[in-house]
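J.: After the structure tokens below, expect a handful of questions from me.
Any read-out appearing in this document is the output of simple, stated calculations on the displayed coordinates, not a laboratory observation. If you're wondering where the values come from, they're calculated on a predicted model, not measured in any experiment. Quick reminder, even Gly has a Cβ in these numbers, built from the backbone with ideal geometry, and neighbours come from all protein chains shown.
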Amino acid sequence: MSGLLSLLTFLAFTSAAAKPNAGLKTWGRFRKLPYPGDKAFLYDTFPKDFIWAVGTAAYQVEGAFEKDGKGLSIWDTFTRGGNRMATGDVGSDSYHNIRADIRAISQLGVSHYRFSLSWSRIFPNGTRGSHNEIGTNYYRALIKKLKDIRVQPVVTLYHWDLPDHLQQTLGGWSNPEMVGIFKDYADFCFQTFGDDVKYWITIDNPFVVARHGYGTGVVAPGIKNDPDLPFRVGHILLKAHAAVWHLYDRLYRPRQQGQLSMALASHWIKPSRTRLESLRECQCSLDHVLGWFARPLFTDGDYPPCMKERLGSRLPSFTLEERAQVNGTADFFALSHGAALSFQLINESLKFGQQEELDLRMLLYWINAEYDKPPIFVVQSGWYVLGNTKTEDPKHMYYLKRFIAEALKSIIIDGVNVIGYTAWSLIDGFEWHREYGIRRGLYYVDFNTLDMKREPKTSATFYRNVIQRNGFPERPENRPAQGIFPCDFAWGVSANSIQVETTPSQFADPSVYLWNISNNGELMRLEGVTAPPLRRTTHCADYATIRQQVDEIRQVGVNHFHFSLNWSAVVPSGDVAHPNSTLLGYYRCFTRQLLQANVTPVVTLWHHTRQRSSLPPPAGHRQQVAQQEDSRGVCRLCQTLLQRTRGPCEDVDHPE
């Protein structure tokens with residue numbers, strides 16, 4: 001009778017609460033916001049109880065893959081097959097470097113640390129009968145040390161590293177028996193660690209586990225060639241999560257007072273056209289990635305209608321009892337956002353002809369609207385840099401600032417209940433299918449050293465400062481300044497190089513042409529016919545490109561124009577005694593036309609970029625004494641050329 005009553009309650013609740021496609025309004029709402037005002041940086045602070053976190057995953061950083069009785073995981077097996085070049089056998093060796101990791105966490109000043117338990121380190125073959133006490137004690141020690149520095153653990157039960165024994169004997173997550181096995185593993189973890197843990201993540205990114213672990217084979221266990229298997233796996237993952245949530249809710253929540261969710265990852269997508277059909281395709285794209293798991297958990301216990309319509313019988317179905325069991329089994333919305341999924345593991349087929357975009361703020365707003373305003377904990381966010389990057393990582397720092405700023409706008413402007421942000425990751429490690437080709441850590445790890453020393457990157461310093469200030473408080477130097485510049489203030493615009501006209505002007509071309517005036521109006525060159533040379537010197541007005549470029553500069557309204565000379569073109573042989581007189585004449589005309597337009601030229605003799613050095617061939621590098629003398633010669637040559645310009649003439653610009 002109680003089961004029937006709960007089912008009736010579920011049906012009444014879902015019929016009243018479900019708001020299909022409520023997130024569809026997101027694109028229209030943001031399109032109407034004032035531009036560029038809405039894009040301005042927001043100086044403000046986060047709520048006082050905001051969660052600042054950093055995270056790692058066990059296989060990426062722990063190492064010690066066979067140490068102290070640990071069993072093999074599917075990643076230990078996967079990285080030894082195919083054409084893969086590296087493994088996580090050592091990773092960042094966090095298993096032997098708890099103190100170093102704790103020191104880094106303490107330096108950041110975070111309030112929470114997200115990490116995952118290695119299932120095969122606790123249960124080597126995946127079941128309770130193989131319990132490994134040494135592995136369990138490792139996590140006890142880690143949690144204790146976190147508590148000692150007043151950092152709360154956020155614990156993930158499963159972050160992609162299934163015990164290999166379960167994969168070999170049962171087929172892993174493709175087998176429904178995994179629901180009970182995962183529930184028993186979770187039960188042990190709640191018993192053992194639960195008194196010290198207030199936030200639990202059951203499964204990280206089930207989309208990647210199902211689609212790319214059991215569909216494309218990009219990640220472990222590397223199964224592919226069955227297009228329907230990912231949907232069966234996703235079905236089992238949802239049931240396993242729900243079983244664990246109900247276990248915690250019934251036996252552990254009354255005493256431990258924790259919260260539990262499943263970490264869901266998503267991209268963001270924008271319409272290719274401003275039509276309702278394009279908006280619906282965007283909605284469907286999000287439904288196939290995020291909604292696949294979020295709608296059953298947060299809306300009605302069932303898959304999005306878009307998935308059911310397009311996949312048909314390929315998508316498993318829930319019974320009414322199963323829907324009631326799955327629905328509402330998330331205490332908060334755990335969101336992963338960034339490089340692990342966005343722009344890497346989203347197939348074109350899932351974009352439905354729309355354009356993927358990097359926008360955390362709009363994604364947060366969509367989740368808030370689509371799933372009826374859940375508290376959102378960003379449990380993974382960040383970007384990556386190339387594997388050869390050391391401690392200077394401005395790219396990662398830029399994306400961290402961008403994502404944190406978007407989360408702040410989401411709270412202050414959009415009214416979304418974002419409760420926390422997790423920077424990913426604490427330290428460099430093994431980056432799944434990208435191996436060691438990229439780095440995502442706030443702390444640099446030299447994998448070629450024995451001690452695996454952790455060194456803070458610029459992104460770590462930035463994140464620490466944000467945490468200390470609880471966001472981006474308005475400071476005197478950030479307030480808008482009003483006033484006018486001095487009357488003689490120089491307003492300029494810059495270009496690394498200018499368009500040089502190398503083809504002969506109409507007065508230097510000896511060819512004879514026929515004008516096809518009665519047809520298409522084109523000039524047709526007569527082969528073998530030339531006119532006698534004109535006794536005429538070249539004039540600056542001969543160059544049409546000069547007039548065009550100067551007109552464009554005048555339209556901007558500046559009074560200075562900065563450009564660079566092409567050294568290798570001015571002195572192609574490297575000998576200043578034999579310059580390119582045609583090019584010098586062009587530069588002379590260009591600067592004169594600028595002056596006639598009341599624009600002062602600012603000329604750089606040599607501008608180095610990573611793409612080109614523009615050095616003449618004899619030297620190739622500026623290290624030789626002879627090349628230094630050539631530099632002085634070119635400087636004298638160009639200053640003689642441009643001495644009438646009256647504008648600044650720089651020697652060598654700084655490399656970019």
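J.: Pairing the Cα long axis of helix 229-247 with the longest principal axis of the chain, what angle in degrees results, from 0 to 90 and rounded to the nearest 10?
T.: 50
J.: Continuing with this model, one more query. Check the straight Cα-Cα distances from LYS351 and name the aspartates and glutamates below 16 Å, setting aside those fewer than 8 residues away within the same chain.
T.: Correct list for LYS351: GLU277, GLU281, ASP287, ASP359.
J.: Right, next: Placing +1 on the Cβ of each Lys and Arg and -1 on the Cβ of each Asp and Glu in the stretch 9-158, which of PRO153, ASN137, PHE46 has its Cα farthest towards the positive end of the resulting dipole?
T.: So the residue we want is PHE46.
J.: Right, another one. Taking the convex hull of the alpha carbon atoms in the stretch 141-234, what volume per residue do you get, in Å³?
T.: 104
J.: Also, quick follow-up: State the extension gain, in nm to one decimal, for the chain segment bounded by LEU386 and GLU474, taking 0.36 nm per residue of separation less the distance between their alpha-carbons.
T.: Between LEU386 and GLU474, full extension yields 28.3 nm more.
J.: DSSP loop GluC sites (Glu not before Pro) in the stretch 314-400 with at most 14 other Cβ atoms within 10 Å of their Cβ, which ones?
T.: Passing sites in the stretch 314-400 are GLU392.
J.: Turning to a different aspect of this structure: Give me the net charge of TRP75's neighbourhood, meaning all other residues with Cβ under 15 Å from the Cβ of TRP75; Lys, Arg count +1, Asp, Glu -1.
T.: Here the count lands on -4.
J.: Given a Förster radius of 35 Å and the C-beta distance between LYS395 and ARG588 as r, what FRET efficiency does 1/(1 + (r/R0)^6) yield to the nearest 0.05?
T.: Taking R0 as 35 Å, the efficiency between LYS395 and ARG588 is 0.25.
J.: Need the list of lysines near LYS144 for cross-linking: C-alpha distance under 23 angstrom, and skip anything on the same chain fewer than eight residues off.
T.: Once the sequence-local lysines are set aside, what remains near LYS144 is LYS67, LYS70, LYS198, LYS453.
J.: How many nm separate the modelled label positions at TYR35 and ASN496, each set 7 Å beyond the Cα in the direction of the Cβ?
T.: 2.7
J.: Can you list the trypsin sites (Lys or Arg not before Pro) in the stretch 120-193 that are in a DSSP coil and have 14 or fewer other beta carbons within 10 angstrom?
T.: Answer in residue order: ARG150.
J.: Turning to a different aspect of this structure: Multiplying the sequence separation of ASP44 and ALA481 by 0.36 nm and subtracting their Cα-Cα distance, what value in nm do you get?
T.: 155.5 nm
J.: Follow-up. Where both residues lie in the stretch 2-477, what percent of DSSP beta bridges are antiparallel, nearest 5?
T.: Percentage antiparallel, nearest 5: 25.
J.: When semi-axes √(5λ) of the Cα gyration tensor in Å is calculated directly from the model, which label among (1) 78, 28, 26; (2) 55, 39, 24; (3) 60, 30, 26 fits?
T.: Correct label, based on the coordinates given: (3).
J.: Which FRET efficiency value, to the nearest 0.05, do you get for ARG84 and VAL558 by plugging their Cβ-Cβ distance into 1/(1 + (r/R0)^6) with R0 = 51 Å?
T.: In this case the efficiency is close to 0.40.
J.: Taking 0.36 nm per residue of separation and subtracting the Cα-Cα distance, what length does fully extending ARG273 through ARG547 add?
T.: 94.8 nm
J.: Right, another one. Using a Cα-Cα cut-off of under 16 Å, which lysines could be cross-linked to LYS25, ignoring same-chain neighbours fewer than 8 residues away?
T.: Leaving aside lysines fewer than 8 places away in the same chain, those within reach of LYS25 are LYS270, LYS373.
J.: Next question, about the same structure. Can you give the net charge of the other residues whose Cβ lies under 15 Å from the Cβ of ASP44, counting K and R as +1 and D and E as -1?
T.: Residues close to ASP44 contribute a combined charge of +3.
J.: Please go through the stretch 529-594 and write out the trypsin sites (Lys or Arg not before Pro) that DSSP classes as loop and that have at most 16 other C-beta atoms within 10 Å.
T.: Within the stretch 529-594, the qualifying trypsin sites (Lys or Arg not before Pro) (loop, at most 16 other Cβ atoms within 10 Å) are ARG535, ARG536.
J.: Quick one: if you stick a label point 7 Å off each Cα along the C-beta vector at SER111 and LEU450, how many nm between them?
T.: Distance between the two pseudo-spin positions: 4.2 nm.
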